[in-house]
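A.B. asks: I have a structure here, written as structure tokens, and I will follow up with some questions on it.
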Amino acid sequence: MKETYKSYFLYFLILVYISGSIGFVVNPAFFSPFTPYTLLLTCLVFLIHSPVADKKFILAFFSIAFLGYIFEVIGVKTGLIFGKYSYGNGLGIKLLEVPLIISINWAMLICAGIRIVSSIFANKITVLVVAALLVTLIDLLIEQVAPKLDFWQFESGLPSIHNYLGWIGVAFFISYLFYPIIIKANRTVSLIILILQIIFFTSLFIFI
């Protein structure tokens, strides 16, 4: 795909996030059903700016998504990894009680997180730890609004430290497996997507 077209997709994504940030504040009931499609568009933009000709990168991305999905299924069924929680209908189609889009979004966040952190630190372990913390912090941010948007709900009402330790461990483990490959993601787009998600969910936390 030509770089010009790729840029158009990125500009459109930014516009979608700006519109969504405003729309959720004004009419969350109307905009909420578009959430899974927005996340899917985000992943599409991330991938078209990534080295799609590199089969190893694409395989790594979807392997991360698959592993993330497996961990989510185990987590929902047992409560062992992230604590006891269940998904609502706000993230679209579910399989085995887990929305399909969630694992794709986590794969994107892990790849983007690793790419950005690896441009700051040279040491592999440092990159893995900081990226795992970054992804977990984004998860913490999303969880502040997740029940209101029918994304997911913890049995106790609030996530415990168990959940965050689980996410740090899972993110570190998955990143370790695919580290040499996923650092090939586009740095600029990775940064933009992380910023968009942070700003978007922060605005929801403040205003809804």
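Coordinate-derived values only; no laboratory data. For clarity, every value in this text was computed on a predicted model and none was experimentally measured. So basically every Cβ, Gly included, is an ideal-geometry build from the backbone, and we count neighbours across all protein chains shown.
A.B. asks: Among the helices (runs of 4 or more DSSP H) confined wholly to the range 1-86, which include 3 or more residues that are touching a His at 6+ places or on another chain (Cβ under 9 Å)? Reasoning before the result, please.
C.D. replies: On the way: elements: 3-26, 28-31, 35-48, 55-78.
It comes to 3-26.
A.B. asks: Tell me which of these residue 166 doesn't satisfy, since it passes every other one: (1) farther than 27 Å from residue 74 by Cβ; (2) in a helix (DSSP H, G or I).
C.D. replies: Condition not satisfied by residue 166: (1).
A.B. asks: Let me ask something else about it. Counting only residues that are outside any helix (DSSP H, G or I), without any contact (Cβ under 8 Å) to a residue 40 or more places away in the chain and among the hydrophobic types (A, V, I, L, M, F, W, C), which one in the range 119-145 is surrounded by the most Cβ atoms within 10 Å (Cβ to Cβ)? Break it down stepwise before answering.
C.D. replies: So in the range 119-145, the residues outside any helix (DSSP H, G or I) come out as 119-123, 144-145.
The next check asks that each one be without any contact (Cβ under 8 Å) to a residue 40 or more places away in the chain; those that pass are 120-123.
Those still in the list that are among the hydrophobic types (A, V, I, L, M, F, W, C) too: 120-122.
Numbers: 120: 9, 121: 14, 122: 8.
The extreme case among them is 121.
A.B. asks: Can you tell me which residue among 32, 86, 50, 63 is touching a strand residue (DSSP E or B) at 6+ places or on another chain (Cβ under 8 Å) and among the polar types (S, T, N, Q)? Before you say what the answer is, go through the steps one by one.
C.D. replies: Numbers: 32 fails: touching a strand residue (DSSP E or B) at 6+ places or on another chain (Cβ under 8 Å); 50 fails: touching a strand residue (DSSP E or B) at 6+ places or on another chain (Cβ under 8 Å); 63 fails: touching a strand residue (DSSP E or B) at 6+ places or on another chain (Cβ under 8 Å).
Checking each option against the conditions leaves just 86.
A.B. asks: Okay, moving on. Which of the numbered conditions does residue 116 fail, given that it passes all the others? Conditions: (1) β-branched (Val, Ile, Thr); (2) loosely packed, with under 14 Cβ neighbours inside 10 Å; (3) closer than 16 Å to residue 197 by Cα.
C.D. replies: Single failed check for residue 116: (2).
A.B. asks: A further question on this structure: Could you look through the range 1-17, keep only residues that are among the hydrophobic types (A, V, I, L, M, F, W, C) and exposed (fewer than 14 other Cβ atoms within 10 Å of the Cβ), and pick out the one that is nearest to residue 206 (Cα to Cα)? Break it down into steps so the answer makes sense when it comes.
C.D. replies: So in the range 1-17, the residues among the hydrophobic types (A, V, I, L, M, F, W, C) come out as 1, 9-10, 12-16.
Right, trim to exposed (fewer than 14 other Cβ atoms within 10 Å of the Cβ) and you get 1, 12, 15.
Numbers: 1: 38, 12: 24, 15: 20 Å.
Step by step, filter the range 1-17, then rank; the result is 15.
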